[in-house]
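Input: a single structure, listed below in structure tokens.
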Amino acid sequence: MRRTLALTTLVALAATCAPAATAAPDAGSPAAPDLRPRVAATADGGLSDDHRSRTRIQLKLAEGTSPDALAGTLAAAGDDAVSSLAAAGTLRDLRPMVDRPAADLRALKATAERRSGDQQADMSLWMLAEVDAADMDRVLAELDADPAVEVAMAQPLPTAEPLAGPQKVAATPLAALRADGADPVNPLATPDFTDRQAYRGPAAEQGVEAVAAAEQPGGDGANVAVADIEYNWHRNHEDLTQLAREGALLAVGTPDPSYGPHGTAVMGEIVGDDNGGGVTGIAPAATPFMSNAISLENGWAPGAAIALAAETLEAGDVILLELQVNGCGGGYAPVELDPASYDAIRTATAKGIHVVEAAGNGTQNLDDPCYGGETFPDGKGDSGAIIVGAGAGSRSGRTPGSRLDFSTYGSRVNVQGWGETVTSAGYGDLYGSDENTHYTDGFSGTSSASPIVTGAVAQISSIAQERGVELTPAQMRDLVVETGTPQPEGDAGHIGPLPNVVKAVEAMGSGVAE
């Protein structure tokens, strides 16, 4: 069910999506006079100078580059520095970062601009190219000096998934769990692990109230799609049957096969089948998509995966960013520090898509001046994403909701999820004999925290659409912050509250159709 509807009641939560840009606007773009100007991309936007490729460049041509000029550049037939370096063989294999028709990406930009009133980046102007390591510094200097190039930088290298490592608790013996494969209620021979998924339960047990909210029309998530942006998945897992459907994978090149358990665990939290066995996702009827941020051909290019998801999804849907980057403070930080990712996130939220982003497991303070402070990231301002930190659950003996010491934090971190002892599909430390029957009791990090928030956002959005309410990304973010279970008072390092779906829906009101 998809509707274009108006929000009528939001209890003073109708914040605008427009950031207070403080850096220089993109003067080269032909933005309509009534569009708020975009801040141009920069190469030093809070990313670490280390952990960069020495042989691959990512660059963006200036906004306003015409289709003919773009074609000339790609053919090494233009008069700009990119064309000259490509013609000389110094820049090799110059290609678009996002493997989609430029006209389609310009249509995405136009849709996002109409909805938001903000100028957006043209994602067709982001490029990748190969270069000899000995030429890297010289090539970047030449590209930076050309006004036809908005930004050029060594491509960031892939980082580890935002997983903190196993966080085990005393387990209920499997013999005490229902494991009768002949049970007509349970089509799997697998035990029912939902009693371990306290994160779905009541707020009094540090849950998001997903079980209670599921009783409401739309509470199963059926009105929304959710796209997970990361590395890979086991798409034939017995408890994730929707992942195998045709069209579910929005492929960016060839996914790296090394990372399957991580995406499997993420999706188990969100869309695990409601079938009486294994785990049940927070929004099990949501339509899942997956897009790989790393490929065998192009390395790590999350901006491409985010842009592809933004083109595919609609307003009210949800994109999850299970990614992190090496930040200027020496640890892992949100992926939007990568300028191509930031541009794609801004486009997605401007289109009306809710973006949930892992804060990272780097113990970074995003209020540090190196990240831009109040203008995070690095002066560009608010991307519109909901950034998620990792808090303690109710199964570990820690104070529920307190920040786990590895979690990145700061005023830009909006909400939290469980960063430890999360039960989901994948890995096999809890149960299972192969990758398609594996389950875990120790998924962790902002990796496990962010899907909890994603599931809650999907539930809220699905219920909202059922009621005739349209929530912008800014309104959704304010809603989950204002109605969530607070972080304990005096806890060091701000990561915000844990969402409470029932309270969010109550605050949202009933709404009326336009």
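Side notes on the structure shown:
- Pick from the range 247-262, criterion among the small types (Gly, Ala, Ser) and farther than 29 Å from residue 212 by Cα, ranking: surrounded by the fewest Cβ atoms within 10 Å (Cβ to Cβ): 247
- Breaking point among (1) buried (at least 24 other Cβ atoms within 10 Å of the Cβ); (2) not in a strand (DSSP E or B), for residue 330: (1)
- Residue among 379, 401, 428 that alone is at pLDDT 95 or above, surrounded by fewer than 20 Cβ atoms within 10 Å (Cβ to Cβ) and over 19 Å from the mean Cα position of the chain (by Cα): 428
- Checking each residue of the range 253-260 against the condition of being within 15 Å of the chain's Cα centre (by Cα) and either under 23 Å from residue 345 (Cα atoms) or not hydrophobic (A, V, I, L, M, F, W, C) (or both) gives no match.
- Subset of the range 64-73 that is among the hydrophobic types (A, V, I, L, M, F, W, C) and over 30 Å from the mean Cα position of the chain (by Cα) - its residue that is surrounded by the most Cβ atoms within 10 Å (Cβ to Cβ): 69
- Of the residues making up the range 71-112, not one is more than 27 Å from residue 292 (Cβ to Cβ), among the β-branched types (Val, Ile, Thr) and assigned to a helix (DSSP H, G or I).
- Residue count for the range 116-138, restricted to those that are buried (at least 17 other Cβ atoms within 10 Å of the Cβ) and either in the same structural domain as residue 353 (by the TED database) or within 18 Å of residue 350 (Cα to Cα) (or both): 8
- Exclusive hit being under 13 Å from residue 401 (Cα atoms), crowded, with 23+ Cβ neighbours inside 10 Å, in contact with a helix residue (DSSP H, G or I) (Cβ under 7 Å, 6 or more places away or on another chain) and assigned by the TED database to the domain that holds residue 391, set 451, 473, 499: 499
- Candidates 225, 244, 265, filtered to the one that is touching a residue at least 40 places away in the same chain (Cβ under 8 Å) and either farther than 19 Å from residue 308 by Cβ or surrounded by fewer than 18 Cβ atoms within 10 Å (Cβ to Cβ) (or both): 265
- Residue within the range 290-297 that is assigned to a strand (DSSP E or B), within 20 Å of residue 386 (Cα to Cα) and touching a helix residue (DSSP H, G or I) at 6+ places or on another chain (Cβ under 8 Å) present: yes
- Any chance residue 276 is on the phi > 0 side of the Ramachandran plot and either without any contact (Cβ under 8 Å) to a residue 40 or more places away in the chain or of a type outside the set (D, E, K, R) (or both): yes
The values are calculated or read from the model by the stated rules, or taken from the named source; none is laboratory data. As the structure is a prediction and not an experimental result, all values here were calculated from the model. When we count neighbours, we look across all protein chains shown, and the Cβ atoms used for this are built from the backbone with ideal geometry, even at glycine.
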